[in-house]
Amino acid sequence: MDTLLAGIISGSTYSLLAVGVSLVFGVSNIVNFAHGAVFAVGGMLGWFLAAQLGWPLWAVLIAVVLFTSILGLIIYLVAVRPLRTAPGIAVLLATFAIGIIIDNTSQRAFGAETRRFPALLERSNFELWGFRFGTIAIVIVGVSVVCVTGLALVLARTRIGRAIRATAQDPEAAAQMGVPVGRVQAISFVVASGMGGIAGVLVGMYFSNVEPSMGFTAGITAFAAATIGGLGSLPGAIIGGLVLGIAEAFGISLWGDSVRGLITFGALILVLWVRPGGFLGRVPALAAEPMTGTFFGAGRPLRLNRWLAIGLIALTAVLPLVVSDYVLRAGALVWIYALFALSVTLAGGFAGQIVLGQAGALAIGAYTSALLVTKAGWDFWASFVAAGLLAAIISVVLTAPTWRLRGHYVSMATLATGAFIAALALNLHDLTNGSRGIVAIPRPTFFGAPVTSAWGMYLLTFGILIAALVFVSRLGASHLGRTWAAVREDEVAAAASGLHPAAYKSLAFGIGSVIAGFAGALYSAQVTYLQPGQFDVSLSVLAVTIAILGGLRAPMGVVVGAIILVGAPELFRSLADWRLLFYGVLLLVLIVLRPQGAWSHIEPVARAWRRVSRRTGASA
């Protein structure tokens, strides 16, 4: 019974968060990645008011609700409203960026360390049928019930509630009937953020500690709970939160805290396999891919003149002669991340399916290569090939049942798969050493000689990236690439022509996973140390961000994106505490000002580019 009670309590907080995720998704069709950051701010602000200023609980809750509600409005105004006509993926990434900004601003304001939340209520002053519980448990469950019931009454009985429901069902029809859709969406962000702030305080009280970085994992868990219950369904979010909380509580009591992620994302994958609409939701019949949509039309890639390309390659190849080892090591990581993001370009840019869990394929490749080299004595290049193949096989098998779906659901399946693989690496102690990781991974060899120098790894990774870019570009121009383009532009028309869209998308995803596996093998050889925490969900989102910023349809764009998002932050290493904040601001500014990507066609730049290309060609 103690375990069941613990599950109900944690499930109640999951429900509060999941209701916020479902509310925003139902009204705006947006997956709000900043929701977890708001939750963390709520927890940290609650700690500050209670522990530092000595405020009572009721005052803490009121202040946190007011602050996080305003924060939700700011998120809408800064990250959502300016992009309301942009592709859905731009809004998703903008909320991810503002989540990074909020997390790091919170770290600057409250400190990065874990804080002990004061015991505002008794933890075990009641006993019923042999098991003990405290006032805190009653308050957590009670506050969750009151919040959710209040929201349900508002939705059912008030004018604004009817406007929210009308917007959730059909925004265009609601707008034609005079409903202020933009204002309703803003209200949904305000309400969801206020509930997220309350959840942060309740979690801090229950677990007795809070930290600014706890938001991202909590947000993903809420996302999983909302999907299990039925994305967009508020009762489903409550059920999903409780089911997830109880399952986690029993799993942790049996196998320890490390299985938390395994249960969360394993349950999400299982639901998407068996009942993708969740317990109470349904899979909408989508006419177009909402994660990409008009993005492709706006993002026509630039073409690189052959001689200019050769010149750039030569210039990059001689860089080791003039820069330090530090720059070369950073450069090798940039090429590896560019290769990793290229796998996203293949599935998203060519076949029209955004994948959010490529960190899983990267992890499979990295662990496969590291284990074969360190434990089985394989040569690096044999392990390199095995890494790519195994990454593709496992990724495709785990996502195979979900390719019959469309839109957010396939993206969620890939997200869950990536997170599940990272959780699996944490729990397969005999194979991966669990959280202790794998150390002393040897460098690759090249014709029998170990590549130990910084310039050697720089050139090796650069050479493989160039080969992959050429391969993917050729693939895009081939018959298969044109078939992917047909599927990407209009699935219905492609299916009517006798094509099988799901099979072609799966093929693109599989080939992309091979590339991600190769990147994983290079990553393990570059960093020489692996542990599961290196492959969390944020790494998958980073790969998508690199691909989007560079231009999703442009293989060359991943190089631009990786330089901006992986290489440029190295310039701020001396300001390490501020680096991620700069990263978030840079990402948000780029998405708002140029969501179609940096390596894509805009007329003024195109004219200048054509002039440069003609001059280069004429001089050659």
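Could you report the chain's accessible area per residue, 1.4 Å probe, as an integer in Å²?
In whole numbers, the chain has 41 Å² accessible per residue.
Dividing the alpha-carbon radius of gyration of the range 163-203 by 2.2 N^0.38 Å (N being the number of residues), what value is obtained?
It is 1.44.
Ranked from highest to lowest mean number of other Cβ atoms within 10 Å per residue, what is the order of the peptides 523-535, 59-71?
Descending packing order for the listed peptides: 523-535, 59-71.
Okay, which of the range 177-194 sit inside 19 Å, backbone N to the point 7 Å along the Cα-Cβ direction of R159?
Within reach of a label on R159, which here means backbone N under 19 Å from a point 7 Å along Cα→Cβ, the range 177-194 contributes 177-188.
When only C-alpha pairs under 8 Å and at least 6 residues apart count, what is the relative contact order of the range 45-122, in percent?
Relative contact order for the range 45-122 comes out at 40 percent.
For the ranges 366-372, 207-213, what's the packing order if you count other beta-carbon atoms within 10 Å of each residue, average per peptide, and put the highest first?
Most protected by this proxy first, the peptides run 366-372, 207-213.
What translational D, rounded to a whole number of µm²/s, comes out for the range 39-163 from Stokes-Einstein when the hydrodynamic radius is the Kirkwood one over Cα pairs, at 37 °C and 0.692 mPa s?
In µm²/s, the coefficient is 188.
What spacing in nm lies between the two simple spin-label points modelled at A477 and S453, each 7 Å away from Cα in the Cβ direction?
The modelled label-to-label distance comes out at 3.5 nm.
If you roll a 1.4 angstrom probe over the protein chains with everything in place, what fraction of the accessible area of the chain belongs to carbon and sulfur, to the nearest %?
Looking at the chain in its full context, I get 66 percent from C and S.
Helices from the chain with mean Kyte-Doolittle at least -1.0 and a Cα length along the axis of 30 Å or more, per DSSP H: which?
Membrane-span-like by this rule: 2-28, 88-110, 135-157, 181-207, 234-255, 454-477, 501-527.
Based on the alpha carbons, how large is the Rg to Rh ratio for the range 297-364 when Rh follows Kirkwood?
1.07
Restricting everything to alpha-carbon atoms, can you work out Rg to Rh for the range 415-477 with a Kirkwood hydrodynamic radius?
1.14
Would you mind computing Rg(Cα) / (2.2 N^0.38 Å) for the chain, counting N as its residues?
0.97
What's the ranking of 432-444, 538-550 by average number of surrounding C-beta atoms within 10 Å, highest first?
Answer by packing, highest mean first, reads 538-550, 432-444.
Quick one: order H479, H429, H35 from most to least accessible surface, probe 1.4 Å.
Solvent-accessible surface, decreasing: H479, H429, H35.
When the helices in the chain are scored as -39500 (n - 2.57) per DSSP H run of 4 or longer and the sum is shared across all residues, what 222 nm value do you end up with, to the nearest 500 deg cm²/dmol?
My calculation for the chain gives -22500 deg cm²/dmol from helical runs alone.
The values are calculated or read from the model by the stated rules, or taken from the named source; none is laboratory data. Computed from a predicted model, the values in this text were never measured in an experiment. Note: ideal-geometry Cβ built from the backbone for every residue, glycine included; neighbour counts use all protein chains shown. These area figures cover heavy atoms from the full protein model, side chains too; ligands, DNA and RNA do not enter into them. Shrake-Rupley method; radii C 1.70, N 1.55, O 1.52, S 1.80 Å.
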